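Below is one structure, written out as structure tokens, with a few remarks after it.
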Amino acid sequence: MRISVVDVGSNTVRLVVADALGGVPLPVHTKKWRLRLSEHVAHGGRIPDSAVHQLSEAVAAAGRTAERWGAAGPFAFATAVVRSAPNRPEVLRTVHAETGIRLCTLPGEVEAELTFLGARRWMGWRSGPLALLDIGGGSLEVAFGRGRLPEFAASLPLGAARLTHEFFQGEDPPSAESVKALRRKVRHQLRDVAARIRWEGPRTAVATSRTFQQLGRLCGAAPGRHGPFVERRLHRTDLGAAVERLAALPAAERARLPGISAPRAVQSLAGAVVGHTVMKLTGLKTVTICPWALREGVLLRHIEDGPSWWAEVAQRDEEWAGQGGGSGGAVPLRIATPAR
């Protein structure tokens, strides 16, 4: 069985085509289209028509590519940048009308659940009670669980692109006062979630997302060319030093550092502040960088549970959009999880 997933994030649209062999999604083709939607959207603002048209073109191209590789219509979803837009229903309807592909938005907590599933499958049962951290462009997902799916999952508006726009707009590099203000907000938002993770006392902690991968490389982890099976760890003390290093440099110079790509250099400091603060507040001294995340979680859920769960996502999302669902909130959907 060949399946595909399209992930619309704050910076890129990513396609993964995979073969489901032995219950494992084995990628056969990946491709990305760089849109940088977050740069076109003010904090809490509408996605402009021009950006919606570019999004439709990228989703259509992803659908055609998946078809050429022999995959059925892709599971297409958008994360926080679309989910929190006031014109979200119009965006979803436009993409569907122009591409024939139904783009869904996932509640942040469901993103955390699916990302946890991907991380659990990669790390295996020997990792024991597992804590998950995932920094996206628009949100931070945190989860904890002892089984296949998490017992606790939360999504907070602490994405790297969102916070860069909110705190560092027009400052390059930002002032020390702006960095302190950002850290204060992150601490305040994380207070209850961090207390829960500390109370649970995870045996293993993993971090996913491109942000953590680049920060790990900056702090000495092996480069991507060494392959996904090389163990990569990120230590809190090293990340703290990286925050100071990034804060002293303008974005153009950050892009010259190991692991920091030019498109993400602007938001790398905010991502580092969030990562260091969440590790400190949760008491995590080290995290393992995990290559499987949300996209793999979606594929795994389809392989393991069949198509019915995704049909529920699409139906609820369509109903919410048809009702002109309010701005800035998550879809009122909680996917029923099977017994662990």
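The values are calculated or read from the model by the stated rules, or taken from the named source; none is laboratory data. Note that the structure is a prediction, hence the values are computed from the model and not measured. Neighbour counts are summed over all protein chains in view; Cβ atoms, including those assigned to glycine, are modelled from backbone coordinates with ideal geometry. For the accessible areas, the whole protein counts, side chains as well, though only heavy atoms, and no ligand, DNA or RNA atoms are used. Shrake-Rupley method; radii C 1.70, N 1.55, O 1.52, S 1.80 Å.
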### Query
In cubic angstrom, how much convex hull volume per residue do the alpha carbon atoms of region 163-310 span?
143
### Summary
Relative contact order of the chain (C-alpha contacts under 8 Å, at least 6 apart) in percent is 20
### Message
If you filter region 8-113 for chymotrypsin sites (Phe, Trp or Tyr not before Pro), then keep DSSP loop positions with at most 16 other Cβ within 10 Å, what is left?
### Response
W69
## Note on the structure
About its Cα centre, region 132-279 carries a charge dipole, from +1 on Lys and Arg Cβ atoms and -1 on Asp and Glu Cβ atoms, whose size in debye to the nearest 20 is 320
### Query
Loop-only check: which trypsin sites (Lys or Arg not before Pro) in region 226-271 are DSSP coil with at most 14 other Cβ within 10 angstrom?
R256
### DSSP-assigned coil residues among trypsin sites (Lys or Arg not before Pro) in region 151-228, each with at most 13 further Cβ atoms within 10 Å
R203
### Query
Does region 179-232 come out rounded, prolate or oblate, given a ≥ b ≥ c as the square roots of the eigenvalues of its C-alpha gyration tensor, rounded meaning a/c under 1.5 and, failing that, prolate meaning a/b above b/c?
oblate
### Message
Using a Gaussian network model on the chain with a 10 Å cutoff between Cα atoms, which of S209, S127, S50 fluctuates the most?
### Response
S50
### Message
I'd like to compare 85-91, 133-139, 147-153: which one has the highest average count of other Cβ atoms within 10 Å, and what's the full order after that?
### Response
133-139, 85-91, 147-153
### Task
Would you grab the residues whose amide H sits under 5 Å from the one on H29? Only those 5+ places off in sequence or on another chain, please, with H modelled 1.01 Å from N.
V17
### Message
Need one word for region 212-272: rounded, prolate or oblate. Basis is the Cα gyration tensor (sqrt eigenvalues a ≥ b ≥ c); a/c below 1.5 gives rounded, then a/b vs b/c decides.
### Response
oblate
### Task
Please state, as a whole number in µm²/s, the translational diffusion coefficient that the Stokes-Einstein equation yields for region 125-174 at 20 °C and 1.002 mPa s, with Rh defined as the Kirkwood radius across alpha carbon pairs.
173
### Message
List the lysines whose Cα sits under 16 Å from the Cα of K280, skipping any in the same chain fewer than 8 residues away.
### Response
K180, K185
### Task
Using +1 at the Cβ of each Lys and Arg and -1 at the Cβ of each Asp and Glu in region 15-167, identify which of L149, G159, P107 lies farthest towards the dipole's positive end.
L149
### Query
Using a 1.4 Å probe, what is the accessible area per residue for the chain, in Å²?
42
### Centre separation in Å (Cα based) which lies between region 1-29 and region 66-138
11
### Task
List the extent of the Cα atoms of region 39-180 along each of their three principal axes, largest first, rounded to whole Å.
49, 45, 24
### Query
After finding the eigenvalues of the alpha carbon gyration tensor for region 1-115, what semi-axes result from the square roots of 5 times each, listed largest first in whole Å?
25, 16, 12
### Message
Over the chain, with a Gaussian network built from C-alpha contacts below 10 Å, which listed residue (F116, F168, F212) shows the highest mean-square fluctuation?
### Response
F168
#### Entry: Computed over region 63-137: relative contact order in percent, which uses C-alpha pairs under 8 Å that are six or more apart
28
#### Entry: Accessible carbon and sulfur surface of the chain relative to its total accessible area, %, 1.4 Å
50
### Task
Please express the Cα-Cα pair-distance distribution P(r) of the chain as a list of whole percents, one per 20 Å bin, running from 0 to the bin with the greatest distance.
32, 62, 6
### Task
Take the Cα radius of gyration of region 133-228 and divide it by 2.2 N^0.38 Å, with N its residue count; two decimals is plenty.
1.23
